[in-house]
Amino acid sequence: MDVLFLRNIKKEFMTREDLIISLQKIVKPYVQDQNAFNNLSEETDFINDLKINSANLVDVILDVEDEFDIEIDNDSMEKMLSVKAALDIIETKLSAS
Amino acid sequence: MIGNDVIDLSLAKIESNWQRKGFLKKLFSNDEQQLILEASNSFEMVWRLWSMKEAAYKIFTQQHNMRFFAPKKFECKLTQGFKGEVCYRGQQFHTSSIINTQYIFTKAGLSKEKNSYSEMISPDQIDTKIKNKLNVLTGLNISGIEQIKSRNGAPSYYYKTTLLTSSCSITHHGNYGAFSFVQA
C-alpha cells in the first residue's frame, strides 16, 4: 500500500491531544515567551502570548502545511492566530483530504 | 490615524528566510512578488513591503476592533522615493519609509495628520518617551499619564479620564523601537 496513503490515514485519526503535541513542536522554534509556551493550551494566542513575530506566523503556517500535508487557504490563514483556531483548521482540512 | 512598523534587518535575516518555498506566495500579491524579484536588493524589498503592510494593518485595527492575519490582502504600491500606498478593503493608506542598512521604519497615515509625532528610540524606552513627549506637549504631570490597551492590543494614552492620543502606534524589533501618535 502507498506509504503516503497510510500517513494520511494516521493523521486523520489523530486526537485533539495528538494535534496539540504536533503543533507545539512546530511553533517551538518561533516562540519568544518560554513561560507561555510551557503553559500552552487551546486558548494560547500565537502573537499575544507566545510573542511569535508576525512575520514568523507564515513559517508556522508553512510548517503546518508540510507536517499535515494540507493546504491552508487565505481565508483560513486569516484566522490562524491561536492554538484553538489552528487546531480547528487542521482538523477541518484533514477530514476533507 | 497613524500606524508604524520597524524591522531590525540583521534580526530579520536570522529569523526569516524569505526564499523559503511558499513564503512570498503566502504574503505578497503577484505584483509585489514581481517588485521583489526585480529589485536590486530583494531582501530589502521584502521587508520594505512587509513594514508597509504592518503599518497599514495597525491603522485598520485601531479603526476596527478585530485581529487577523491577511498580509497578502494589504496591497502595496511604491510611489515616489520612499513613499508608498497600501490598499485594503477600498481604503488607502499613505506610507513613508526610512531605509538604511540597519533598519526599515515605515509610518502609515490615512491623511496628512496635524499634531502627529514620531520618534525612533531604544525598545525599552518607548513608554517613557511617549509620556515625556505628552508631558512636554500638554504640561500634564507624567505620573498621571497612563497607557491603556484595547482588546486587540492598540495602545492609547490617558490622563485620568482624558484621552491624550487620538491615534497611537508602537513598534519594536531587535535593537530598534519607535512610536507614532496623533495628539488628541
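Read the figures in this text as sums done on the coordinates, not as results from a lab. For clarity, every value in this text was computed on a predicted model and none was experimentally measured. Heads up, the Cβs are rebuilt from the backbone with ideal geometry, glycines too, and the neighbour counts pull from every protein chain shown.
A few notes on this one:
- Calculated FRET efficiency for the pair residue A:18/residue B:163, C-beta based, R₀ 45 Å, to 0.05: 0.40
- In this simple spin-label approximation, residue B:73 and residue A:25 carry label points 7 Å from Cα along the Cα→Cβ vector, and these lie 3.3 nm apart.
- Nearest-20 debye value, the protein assembly as shown charge dipole, Cβ charges on Lys, Arg, Asp, Glu: 980
- Cβ charges +1 (Lys, Arg) and -1 (Asp, Glu), total dipole of chain B, debye: 460
- Cα-Cα separations in region A:3-96 greater than 15 Å, expressed as whole percent: 56
- Separation of the residue B:64 and residue B:85 label points, Cα + 7 Å toward Cβ, nm: 2.0
- About the centre of its Cα atoms, chain A shows a dipole size close to 280 debye [charges on the beta carbon of Lys, Arg (+1) and Asp, Glu (-1) only; nearest 20 debye].
- A viscosity of 1.002 mPa s and a temperature of 20 °C, combined with the Kirkwood radius over Cα pairs in Stokes-Einstein, give a translational diffusion coefficient for chain B of 126 µm²/s.
- For region A:43-62, backbone nitrogen atoms closer than 16 Å to the point 7 Å from residue A:91 Cα along Cα-to-C-beta are found at A:43-44.
- In region B:22-105, a dipole from Cβ-located charges (positive for Lys and Arg, negative for Asp and Glu) runs towards its positive end, and of B:41, B:24, B:82 it is B:24 whose Cα lies farthest in that direction.
- Cα long-axis angle, helix B:42-63 against chain B (0 to 90 degrees, to the nearest 10): 40
- Its residues counted as N, region B:116-183 yields a C-alpha radius of gyration over 2.2 N^0.38 Å of 1.04.
- Degrees, to the nearest 10: A:16-27 long Cα axis against longest axis of chain A: 60
- The protein assembly as shown: equivalent-ellipsoid semi-axes (sqrt of 5 x gyration tensor eigenvalues, Cα, Å): 36, 23, 16
- Between the listed residues A:57, A:20, A:68, the Cα displaced farthest toward the positive end of the dipole of chain A, a dipole computed from Cβ unit charges relative to the Cα centre, is found at A:20.
- Using the Cβ-Cβ distance between residue B:140 and residue A:42 with R0 = 41 Å, the FRET efficiency computed as 1/(1 + (r/R0)^6) comes to roughly 0.45.
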